[in-house]
Amino acid sequence: MSRLVATFFYVGLLRPAPGTWGSAVAVALGLVLHGLGSFPLLALATVLATIAGFWACHAELKNRPGEDPSEIVIDEVAAQWLALCFPSLGFWLMGLDNWNFPYPGWVAAFLFFRLFDIWKPWIIGRADRRHDWLGVMYDDLLAGVFAGVATMVAAGAAHGLLM
C-alpha cells in the first residue's frame, strides 16, 4: 500500500521526469477537486496527501537512508496541491464559480513549483539536504509554499500593474 501511495498510483513510474509527471497529474486532479468543492476540498485533499505522503515516505525509505527515489512523487502531488491552494483560496474568496479556475493561476503554480522544486533555493535546499524521509516531503512542501506565494505576487503584479 505504501508503494501505491508513494508513487501516487504508479504515476511515479512514468518516464522521463517522473516528478514533472506527478506535478502535472496533481494539477489536473487539483483543478477537478477545486471544481467539485472549491478551496475547502482542495485544502482537505492537500492535508490528506501530506499526511499520506509522510506515512508512505517513512514506510518506503526507513531502511534506505539518504535515498530520494525519483518514483516517489506523493511529495510533488501534496506540494503542487499546496501551491494551487493559494490561487484557489483567492478565487473562492472572490466567490467565483467552482469550475472557474483561470489558466494563468494554475499554470503559474505549476511552473513556479517546478522551478523551486528543481532549483531548491535557501531553506528548500536545506530541507533536501536532510537526506531522510522527512526531507523528501519537507523540501517539496516548502517549494509548494514558495510557488504559491510567487503565484500570488505574479497575479498581483499582473492585475495591479499591467491591467
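SER88 passes every criterion in (1) among the hydroxyl-bearing types (Ser, Thr, Tyr); (2) in a helix (DSSP H, G or I); (3) within 27 Å of MET1 (Cα to Cα) apart from (3).
Is it true that GLU76 is crowded, with 23+ Cβ neighbours inside 10 Å and more than 19 Å from ALA155 (Cα to Cα)? Before the answer, list the steps.
Working: crowded, with 23+ Cβ neighbours inside 10 Å: yes; more than 19 Å from ALA155 (Cα to Cα): yes.
For GLU76, the condition - crowded, with 23+ Cβ neighbours inside 10 Å and more than 19 Å from ALA155 (Cα to Cα) - is met.
Every listed requirement among (1) open to solvent by less than 40 Å² (accessible area, probe 1.4 Å); (2) within 17 Å of the chain's Cα centre (by Cα); (3) touching a residue at least 40 places away in the same chain (Cβ under 8 Å) is met by PHE91 save one, (2). When the stretch 131-151 is filtered for residues that are over 14 Å from the mean Cα position of the chain (by Cα), surrounded by fewer than 18 Cβ atoms within 10 Å (Cβ to Cβ) and part of a helix (DSSP H, G or I), only LEU134 remains. Of the residues making up the stretch 55-73, those that are open to solvent by less than 50 Å² (accessible area, probe 1.4 Å), touching a helix residue (DSSP H, G or I) at 6+ places or on another chain (Cβ under 6 Å) and either of a type in the set (D, E, K, R) or part of a loop (DSSP other than H, G, I, E, B) (or both) are GLU60, GLU71, ILE72, VAL73.
Among the residues of the stretch 75-129, those that are out of contact with any His (no Cβ under 7 Å at 6 or more places or on another chain) and of a type in the set (S, T, N, Q) comprise GLN80, ASN100.
Among residues belonging to the stretch 34-54 that are without any contact (Cβ under 8 Å) to a residue 24 or more places away in the chain and surrounded by fewer than 16 Cβ atoms within 10 Å (Cβ to Cβ), point out the one that is farthest from PRO87 (Cα to Cα). Once the filter is applied, the top-ranked residue is ILE51. Answer yes if at least one residue in the stretch 76-83 is free of Cβ contacts under 8 Å to residues at least 60 places away in the same chain and either out of contact with any Pro (no Cβ under 6 Å at 6 or more places or on another chain) or in a helix (DSSP H, G or I) (or both), and no otherwise. Scanning the stretch 76-83 turns up no residue that is free of Cβ contacts under 8 Å to residues at least 60 places away in the same chain and either out of contact with any Pro (no Cβ under 6 Å at 6 or more places or on another chain) or in a helix (DSSP H, G or I) (or both). The single condition among (1) surrounded by fewer than 20 Cβ atoms within 10 Å (Cβ to Cβ); (2) under 18 Å from VAL153 (Cα atoms) that PHE86 does not meet is (1).
Of the residues making up the stretch 118-130, not a single one is in contact (Cβ under 8 Å) with a residue 12 or more places away in the chain, within 13 Å of VAL27 (Cβ to Cβ), open to solvent by less than 10 Å² (accessible area, probe 1.4 Å) and within 17 Å of the chain's Cα centre (by Cα). Looking at the stretch 12-33 only, could you name the residues that are under 14 Å from the mean Cα position of the chain (by Cα), aliphatic (A, V, I, L, M) and buried (at least 16 other Cβ atoms within 10 Å of the Cβ)? Residues satisfying the conditions are ALA24, VAL25, ALA26, VAL27, LEU29, LEU31, LEU33.
The values are calculated or read from the model by the stated rules, or taken from the named source; none is laboratory data. Fair warning: this is a prediction, and the values are worked out from it, not measured in the lab. We place every Cβ from the backbone using ideal geometry, glycine too, and count neighbours over all the protein chains shown. Accessible surface is based on the protein model in full, side chains and every heavy atom, while ligands, DNA and RNA are left aside. Shrake-Rupley method; radii C 1.70, N 1.55, O 1.52, S 1.80 Å.
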